Amino acid sequence: MRIAVLGAGYVGLVSGACFAEFGINVCIVDTDPAKVEALHRGVIPIYEPGLDKLVIDNQKDGRLSFTTSLEEAMEGADCVFLAVGTPSRRGDGHADLQYVFAAAEGVARAAKRDGLVLVTKSTVPVGTGRKIKEIVGRVRPELAIHVASNPEFLREGNAIGDFMRPDRVVLGAESDEAFAVLRRLYRPLYLIETPIVATSIETAELIKYAANAFLATKITFINEIADLCERVGADVHDVARGMGLDGRIGRKFLHAGPGYGGSCFPKDTLALAMTARDAGSPVRLVEATIAVNDARKAAMADRIIAALGGDVAGKSIGILGVTFKPETDDMRDAPSLVILPKLVAAGARVTVHDPQPHQARQSLPGAITFAATPLEAVTGADAVALLTEWNEYRSMAPERLRGAMRGRVVLDLRNAWDPAAMREAG
């Protein structure tokens, strides 16, 4: 079996490499020649644990290839996956589908036989599959091209595990032929009894948005409870644990922090809210989640400033971690993109460390200094703030932190450190 994947970004690269690991012949096509050339050499454009080995091994075994030619990628393919970007459209918050529709039209023009299955892997609003079906029908009315939806549920930092051992696989299609091809692709997961949700295209599209919106709401809820805990003297760790032990709630995504970010939750909640509003059925809870999360990021900068007496002009602040979560270099909608510019604007001297700083160097203001080690970032600092809970920060001894700092203010925005140990160290 052979498939083509359009887009060598996060979703396309991970999905393609994992399908190749299943034993499927995969060709990934991307319009960026430099990216394709780098992938041929085993150079991965993103940081994802284990992905480099997966790509290199499957290229070596002949199951994974890369090209800039759509026609080459589709040669002999039974199935084509669209894994191109769907960023928020500037100005209104809707998902920008121009790349999806252009890719779908390109596939239709390059198709050479009946029975091709065209699958949307990118996260797209409900109704997108219907529009893709109209496009391919208009471009190639003489061909039977089956349109389907197979949304991804990959967590950055754990994407390979999520693909190989998923909670579920969602398949949306209208024809038996499309379902048959998709089931063949996911046969290894059938063997380990992974739940398969086979449904309509519209339902599959909405499942993805509904899942992300619910998780974003869960994060935002515990963040607001954390604020209440501070006011009344409660411990949000214990509150979250007490809630999470209830099987109806579950413990995941109940970790208080400076707000959610990343490539999915911010744009997907916004796109769902806009889609629902256009459909005349607004999702007020999701709209509130978006507003509260946006406000929280700015509020975290205010808390840092308040902890230093309300004035940070000329003061040195060491920042540990700036990516939106550990085990990724992704800076998209990271809380640090709101917090750090606000500190700089208030006159603070900001030094940061992150284990994967490549994207951060391009995203953060030039006034920010990057340190080579965590200790260098905190040396001489009046205050230290933990923004991303990388494991190497969790293990920092409070005594070592105190010895390097000039001040004594520590702001743990991820609840990763033991407050009692910090206080004992001064």
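The values are calculated or read from the model by the stated rules, or taken from the named source; none is laboratory data. What you see is a predicted model, and the numbers here were worked out from it, not measured in a lab. Cβ placement follows ideal geometry from the backbone for every residue including glycine, while neighbour counts extend to all protein chains displayed. We work out accessible area using only protein heavy atoms, side chains counted, and drop any ligands, DNA or RNA first. Shrake-Rupley method; radii C 1.70, N 1.55, O 1.52, S 1.80 Å.
For this structure, a couple of remarks:
- Loop-located chymotrypsin sites (Phe, Trp or Tyr not before Pro) in the stretch 197-278 (DSSP state other than H, G, I, E, B) with a sparse environment of at most 11 neighbouring Cβ atoms within 10 Å are absent.
- When you count the other C-beta atoms within 10 angstrom of each residue and take the mean per peptide, 316-322, 394-400, 34-40 line up highest first as 316-322, 34-40, 394-400.
- Here each label is just a point 7 Å from Cα along the line to Cβ, and for VAL292 and ASP167 those points are 1.9 nm apart.
- Rounded accessible area per residue of the stretch 1-134, 1.4 Å, Å²: 40
- Estimated dipole of the chain in Debye, rounded to 20 [Cβ of Lys and Arg +1, of Asp and Glu -1, Cα centre]: 340
- Amide H to amide H distances under 5 Å link GLY380 with MET405, ARG406, where only residues 5 or more positions off or on other chains count and H is placed in the peptide plane.
- Gap separating the Cα centres of the stretch 169-242 and the stretch 20-53, nearest whole Å: 27
- Subtracting the Cα-Cα distance of ARG184 and VAL409 from their residue separation scaled by 0.36 nm leaves 75.3 nm.
- Label positions at GLU399 and ALA279, each projected 7 Å from the Cα along the C-beta direction, are separated by 5.9 nm.
- Shape descriptor for the stretch 1-146: Rg over Rh equals 0.97 (Cα atoms; Rh from the Kirkwood inverse mean 1/r).
- Inverse of mean 1/r across different Cα pairs in the chain, Kirkwood, Å: 23.2
- Long-range HN-HN contacts of PHE66 with modeled amide H, under 5 Å: ILE28
- Lys, Arg +1 and Asp, Glu -1 on Cβ, resulting dipole of the stretch 245-425 about Cα centre, debye, nearest 20: 240
- Cα Rg over Rh - the stretch 245-425, Kirkwood: 1.01
- Most positive-pole-ward Cα, GLN362, GLY380, MET396, against dipole of the stretch 351-422 from beta carbon charges: GLY380
- Environment charge at ILE249 (Cβ cut-off 15 Å; Lys +1, Arg +1, Asp -1, Glu -1): +3
- Average Cα contact separation per residue, the stretch 1-128, under 8 Å, 6 or more apart, as relative contact order %: 29
- For the chain, the residue among LEU343, LEU320, THR128 whose Cα projects farthest onto the positive side of the dipole built from Cβ charges is LEU343.
- Solvent-accessible area, 1.4 Å probe, carbon plus sulfur percent, for the chain: 52
- Rolling a 1.4 Å probe over the protein heavy atoms gives the stretch 245-425 an accessible area of 45 Å² per residue.
- Gain on full extension, evaluated as 0.36 nm per residue between SER175 and ASP238 minus their Cα-Cα distance, stands at 17.8 nm.
- Mean Cα-pair separation over length for the stretch 223-374, i.e. relative contact order, pairs under 8 Å, 6 or more apart, %: 19
- Whole-number percent relative contact order across the chain, with pairs defined as alpha carbons under 8 Å at least 6 apart: 11
- Nearby lysines by direct alpha-carbon distance to LYS133 (threshold 22 angstrom, same-chain neighbours under 8 apart not counted): LYS112, LYS121, LYS208
- For the stretch 317-330, backbone phi angles converted through the Karplus equation (6.51, -1.76, 1.60; θ = phi - 60°) give residue-by-residue couplings of 10, x, 10, 10, x, 10, 5, 5, 7, x, 6, 8, 9, 6 Hz, Gly and Pro being listed as x.
- Comparing mean-square fluctuations of VAL107, VAL239, VAL170 from a GNM of the chain with C-alpha springs under 10 Å, the top value falls on VAL239.
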